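Each value in this text was obtained by applying a stated rule to the coordinates, not by laboratory testing. All values reported here derive from a predicted model rather than from experimental measurement. Here the Cβ positions follow ideal geometry from the backbone for every residue, glycine too, while neighbour counts run over all protein chains shown.
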Amino acid sequence: MRTAEMIRNTKETKIKMSLSLDSEKSGLEGSSGIGFFDHMLNSFCVHGGFNVKLEMSGDLHVDAHHSVEDAGIVLGSLFSEVLKDKSGIKRYGFSYVPMDEALAFAAIDISGRPYVAYNVPLTAANVGDYDAQLTEEFMRALAFNMGATLHIRLEYGVNEHHITEAVYKSVARAVREAVKISGGGVLSTKGLL
């Protein structure tokens, strides 16, 4: 089973997180302390087919930035640890996800070369207490610590809740495809990633 666990404590956040790519049960167990972000993390896990257990506290009296970014850092690091040299996985994945009037696209290459192209214009500053700008911060932290090239694009949408949810789900489904076991070695003409 492909699993990993990590503890990361800073002056801003304390995080204990585990990731299972092959669990019979997918979803988020635990909480970041940020309601809408928990909803997005749970959507990410369910649509990705991942199980994440999370114990977390952060400096939410400041704002949610450190907590959301650090959760992305830890989750990306866990993917990197689980996938090791990336042998035997499909490596590439992409997905379109509609959420009512919104349509988001994500494509990923788990290549060891971190890069993020994020083209999702904001339609509102917040979704409840969640700063809508934090979605990009989470995705950047996730991709850079996973060692992935990640492209995210909003095709269209009006409601920021729907847009944000479509983004998280499209990334999750792209990751789900890329981490599928395909057998063999590393999918690269170089033989190494």
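Projected onto their three principal axes, the Cα atoms of the chain cover extents of 46, 37, 29 Å, largest first.
Taking Cβ atoms as reference points and 11 Å as the exclusive limit, the residues near Glu137 contribute a net charge of -3, counting Lys and Arg as +1 and Asp and Glu as -1. Taking a straight line from the alpha carbon of Lys11, these aspartates and glutamates sit under 17 Å away, with near neighbours fewer than eight places off in the same chain left out: Glu55, Asp59, Asp63, Glu69, Asp70.
Applying a threshold of 28 Å to the alpha-carbon distances of Lys84/Lys190; Lys53/Lys190; Lys14/Lys90; Lys14/Lys180; Lys14/Lys190 flags Lys53/Lys190; Lys14/Lys90; Lys14/Lys180; Lys14/Lys190 as lying beyond it. Every helix of 4 or more DSSP H residues in the chain counts as -39500 (n - 2.57), and over all residues that averages to -11000 deg cm²/dmol at 222 nm. Secondary structure note: in segment 3-178, about 75% of the DSSP beta bridges are antiparallel.
Paramagnetic label reach from Glu136 (point 7 Å along Cα→Cβ; backbone nitrogen cut-off under 15 Å): within segment 91-120, residues 116-120. Taking a Cβ cut-off of under 15 Å around Val179, the surrounding Lys, Arg, Asp and Glu residues balance to a net charge of +3, with basic ones at +1 and acidic ones at -1.
Converting phi to 3J(HN,Hα) with the Karplus coefficients 6.51, -1.76 and 1.60 and the offset θ = phi - 60°, segment 179-187 yields 8, 4, 6, 10, x, x, x, 6, 7 Hz in sequence order, with x at every glycine or proline.
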